[in-house]
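These notes are about the structure you will find just below.
The values are calculated or read from the model by the stated rules, or taken from the named source; none is laboratory data. Keep in mind the model is a prediction, meaning the values are calculated, not measured. Here the Cβ positions follow ideal geometry from the backbone for every residue, glycine too, while neighbour counts run over all protein chains shown. All accessible areas refer to the heavy atoms of the entire protein, side chains included, with ligands and DNA or RNA removed. Shrake-Rupley method; radii C 1.70, N 1.55, O 1.52, S 1.80 Å.
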Amino acid sequence: KGKVDVADDVTLEYLGSVHVQKGVIDLHFMVFKKAMLKTIKMAVEDKWSEELDCAWGKAYDELAAAIKKAMGW
């Protein structure tokens, strides 16, 4: 829907501050995305498709963009 929702007890500002505190850089977001997609693909096995890859990738990209914005990038 174009909006990133997080758990009620978490804010994007909090997530951003933790990422800054831990020294997260752009490369970490890319590596994590690749690992996450590979893990999901392994979990769903034959149900995996290009459509699922795109959907999960887009969802991750939107979350990462929101966290990066909260980090002040």
Here segment 46-60 yields Karplus 3J(HN,Hα) values (6.51, -1.76, 1.60; θ = phi - 60°; whole Hz; Gly and Pro given as x) of 6, 7, 5, 8, 4, 5, 5, 4, 5, 5, 5, x, 5, 4, 5
For the chain, accessible area per residue (1.4 Å probe, heavy atoms of protein chains only), Å²: 79 Å²
Below 15 angstrom from the Cβ of residue 72, what's the summed charge of the other residues (Lys, Arg +1; Asp, Glu -1)? +1
Fully extended, how many nm does the chain gain between residue 54 and residue 38 (0.36 nm per residue separation, minus their Cα-Cα distance)? 4.5 nm
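Kirkwood-based Rg over Rh for segment 12-71 (C-alpha set), two decimals?
Ratio value, two decimals: 1.05.
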Sum of -39500 (n - 2.57) over DSSP H runs of 4+, divided by residues of the chain (222 nm, nearest 500): -23000 deg cm²/dmol
Carbon and sulfur: what percent of segment 12-71's accessible surface (1.4 Å probe)? 63 percent
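Starting from the chain, pick out the trypsin sites (Lys or Arg not before Pro) whose DSSP state is loop and whose Cβ has at most 15 other Cβ atoms within 10 Å.
Details: sites: 1, 3, 22, 33, 34, 38, 41, 47, 58, 68, 69; in loops: 1, 3, 22.
Answer by residue number: 1, 3, 22.
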List nothing, just return the count: lysine pairs in the chain, 8 or more apart or interchain, with Cα separation under 22 Å. 27
